[in-house]
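One structure below.
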Amino acid sequence: EFDAKINDGEEFHDLCTFTVSKSNLIPQAIYICKTCGVEGSNTCCCEGCSKNCHIGHEVEYFGFGKAYCDCGHGLCSLQVKSEAVGKRLGIQLDGLLFDEDMRIFGSKKSELIIPHCCSYSSNISENLRNMLYDQSVELIKMSKDTFWISHNQSPRCALESIAKQIYDFHTSSASQFDHLTSGLEWWVQLKDPKQTTDEYQSTSSAGIDLHYDKDEELASTFGIGIFPQISTITYLSEPPNGTENVFAPTIIVDVNHSIPLETSIRKCFVSHPRVGKHLAFDGSLLHGAPSVLSHVLKDNEHNSFNETNYSSSSSSSSDSSQFRVTLLVNIWLNYHPLHIFPLPDHFLHTIVSSTLSYHDKNEGTIFKISSPSEVPIININGVISCNDSEAGEWIDIPFVSNKSQWGKGIDEAGIRLHIWMPKLPVSELQKRMEMKRSKGVNKVKKANDAQLKSDSANRTIDDMGTYLLRYCDEYSFAQLEYEDDDEDEAEEEEENGVEVVKN
């Protein structure tokens, strides 16, 4: 009966996280019991204990951060139940261990190089790209799950081969780690910018919501966040010039789970899809490809990698720009996320059978990743963000809805990202900002210098569609905030007789 409840979707509100954490600090929702605090014990507890062990007490939500449940140290009413779930899921009940930087124990010792945000080009061939594209389309028809390849496992298809080469590339610097528990989690995403139905997509959106990559089973069951060391994205399609297809860009926001709400966010990494482009970044960072950005962040400078030259006898590849297709690979050292299994044999057979014609060309599946590309930096300040409506606009991107079960307290409102994004093509935005800076002092010389610098940077932007937005002052920075903040402020100012003007 108990297992049936869990399998039917019973979530972490009735489990104690101490079963997983023991005395280690792990990202989770934190509650303070003022009733027990007076007595000097059990002042910090998890969400499950706040609803059970401390029922009838004065309990307040403190925030989402790194902690362990003090209630688990004592007479926790959820202990037996929680440990039973932990054993069923295969969780190590001696507790998960972490390095001082809150990564899985051994990450630092392994000497793994974790890029903050890096963009790479690759040597992907036309034949290989089409094979990967077609295998992705076939796979997404059968499953939207993620799959596991262990450190010592040999790949069995083109998608697994590329995923394993990505893993080997990023772990080449690592020396000391447990090969038995290390490996990669991989999956594909397929989005149709023209569809609003769920024919192929994992959601009805043409984009991918903001999220943290994490052990999803552990997060949904115990409400605990464990993150990969490195997250990666490899683009297998791009919209060609002269079409109405608009693919949402990827954004990687310089914020992780431990940053309090309303903290200033100073950097946002932006990447438009390009065939063969590979992104790698710290696996704890907030990221996504929200569909709203396809209408704000213009890709007018798109210089296609000859996308129209990609063609094959396959029906899906002949319309190779219809879908936004990406291969996602997360790198996990010394940790295997719960309930992530290898690609099933019947799935493998189907996707390999769908692309047998490509093997006749005997080109192999070599995927060589280059050195990191230099990414242009666009400095945004209040002069632009507050006074130039043609250059860009403030937008609100949903992050955690009020119905979400991870990343906030159960009774909290939803959370959104409030951020300024450019509407102009990036080269025009650069020129506009340089002209504003040059006004009044050596006007002609500075404008000419700015033009030269802008033209040089634009070559990189045109080719790769990647840049870093850096918010330079208090009038331009982004932040995570509650969804109802605007309504609360408006009501308060209205009561005080203040006219509300939104930027």
For Leu279, all conditions in the list (1) out of contact with any Phe, Trp or Tyr (no Cβ under 7 Å at 6 or more places or on another chain); (2) over 19 Å from Ser119 (Cα atoms) hold save one; what is the number of the exception? (2)
Enumeration of residues in the stretch 426-449 that are modelled with pLDDT of 50 or more and exposed (fewer than 13 other Cβ atoms within 10 Å of the Cβ): Lys439
In the stretch 35-79, which residue that is modelled with pLDDT under 90, among the hydrophobic types (A, V, I, L, M, F, W, C) and part of a helix (DSSP H, G or I) is farthest from the chain's Cα centre (by Cα)? Val38
Quick check on the stretch 414-425: of everything there that is open to solvent by 10 Å² or more (accessible area, probe 1.4 Å) and under 19 Å from Asn256 (Cα atoms), which residue is modelled with the highest pLDDT? His418
From the list Val329, Val383, Val325, which one is open to solvent by 10 Å² or more (accessible area, probe 1.4 Å) and either out of contact with any Lys or Arg (no Cβ under 7 Å at 6 or more places or on another chain) or in a helix (DSSP H, G or I) (or both)? Val383
Please determine whether any residue of the stretch 213-221 is closer than 25 Å to Gly414 by Cα, at pLDDT 85 or above and more than 18 Å from the chain's Cα centre (by Cα). yes
Among the residues of the stretch 100-135 satisfying the criterion of being at pLDDT below 85 and of a type in the set (A, V, I, L, M, F, W, C), which is farthest from the chain's Cα centre (by Cα)? Phe105
Among the numbered criteria (1) among the charged types (D, E, K, R); (2) outside any helix (DSSP H, G or I); (3) at pLDDT 95 or above, which single criterion is violated by Lys164? (2)
Answer yes or no as to whether Leu93 is modelled with pLDDT of 85 or more and either under 29 Å from the mean Cα position of the chain (by Cα) or buried (at least 23 other Cβ atoms within 10 Å of the Cβ) (or both). no
Identify all residues within the stretch 115-133 that are open to solvent by 30 Å² or more (accessible area, probe 1.4 Å), within 18 Å of His170 (Cα to Cα) and not in a strand (DSSP E or B); write none if there are none. His116, Asn123
Just checking, does the stretch 285-308 include any residue being in contact with a Pro (Cβ under 7 Å, 6 or more places away or on another chain), open to solvent by less than 50 Å² (accessible area, probe 1.4 Å) and at pLDDT 95 or above? no
Examine the stretch 253-267 for a residue that is surrounded by 22 or more Cβ atoms within 10 Å (Cβ to Cβ) and in contact with an Asp or Glu (Cβ under 9 Å, 6 or more places away or on another chain), and state whether such a residue exists. no
Would you mind stating whether Ile149 is part of a strand (DSSP E or B) and either touching a residue at least 12 places away in the same chain (Cβ under 8 Å) or in contact with a helix residue (DSSP H, G or I) (Cβ under 9 Å, 6 or more places away or on another chain) (or both)? yes
Starting from residues that are at pLDDT 85 or above and assigned to a loop (DSSP other than H, G, I, E, B), keep the ones in the stretch 466-497 and report whichever is surrounded by the fewest Cβ atoms within 10 Å (Cβ to Cβ). Glu474
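The values are calculated or read from the model by the stated rules, or taken from the named source; none is laboratory data. This is a predicted model, so every value here is computed, not measured. Methodologically, a virtual Cβ is constructed for each residue, glycine included, from the backbone with ideal geometry; neighbour enumeration extends over all protein chains shown. These area figures cover heavy atoms from the full protein model, side chains too; ligands, DNA and RNA do not enter into them. Shrake-Rupley method; radii C 1.70, N 1.55, O 1.52, S 1.80 Å.
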